[in-house]
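Report on the structure given below.
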There are 2 protein chains.
Amino acid sequence: MNRKNKGTNAERELIHLFWKNNWAAHRVAGSGSSRYPACDVIASNKIRRLAIEAKTSKDPKKYLSNDEVNQLKEFSEMFGAEPWIALRFDRKDWLFMSLEDMKKSENSYMASVELAEAKGLLFEELIR
Amino acid sequence: MNRKNKGTNAERELIHLFWKNNWAAHRVAGSGSSRYPACDVIASNKIRRLAIEAKTSKDPKKYLSNDEVNQLKEFSEMFGAEPWIALRFDRKDWLFMSLEDMKKSENSYMASVELAEAKGLLFEELIR
């Protein structure tokens, strides 16, 4: 399975989780290629709206470029949604990180497994 | 251009209109094939959220199936968005119809050019 398909499958998995819990959620078409700020998944339970960038990682550290994170921020602000980064490390559950909890360096945002497990929310906690 | 591409292009045109007017908008991935209720385009200016089913028509009457409209209703309700049907008849501007203003019959919802021009909102009116 190529990288794009793998990403899409991970996003689909998230979508199912939301619907199972009575949230409406969909993938955003062309989120990686749109000329406008975007996110991968948008979810809402009427009261809260979540804009999610979803990433899987084989490595114990996951990096996101400044551009990816800035797009997520900008989209969330304009749409009126909470920005979240959803991370799934190998053999781990999804963990949801706020942008503030990611480790910022000059060109990227990073979360290690340890950081994500310390600061991230489980799905049940995210939607609580 | 096949029908699917034509639909996608019409949706993209709408997306541009929204961003040009400081609304965040995106196409929903797989809106026609998702197993969950969906819409074609979702747009927000932070305060209002619009769930849009977008249709072009060469004919002077446009029909939507009950299923399409019911999906739009259901998604809008769960997401917390206003449901709208965006219609673009040949050589006309986009017109936005509320579900109540469509002509309902047993198996479908219909709008003629005349009905859309009488009841529909122009884009500027929709986002006002």
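Only the coordinates and a few stated rules stand behind these numbers; no lab work does. Because the structure is predicted, anything quoted here is derived from the model rather than measured. Neighbour counts run over all protein chains shown; Cβ positions are idealised from the backbone, glycine included.
Brief remarks on what is shown
- Beta bridges per DSSP with both ends in chain B, % antiparallel, nearest 5: 70
- Potential extension, A:Lys92-A:Arg128 segment - 0.36 nm per residue separation minus Cα distance: 10.9 nm
- Net charge, B:Glu11 excluded, C-beta distance under 11 Å - Lys, Arg +1, Asp, Glu -1: +3
- Axis-proximal residue, chain A, for the rotation superposing A on B (Cβ, Å): A:Ala29, 2
- Label point 7 Å beyond Cα along the C-beta direction, distances from B:Arg12 to other copies (nm, shortest first): 2.4
- All-pairs Cα distance distribution in region A:3-126, expressed in whole percent, bin size 10 Å: 13, 49, 35, 3
- Added length on full extension, which subtracts the Cα-Cα distance from 0.36 nm per residue, A:Ser105 to A:Asn9: 31.7 nm
- Quarter the surface of the alpha carbon convex hull of the protein assembly as shown and you get the mean projected area, 14.6 square nanometres.
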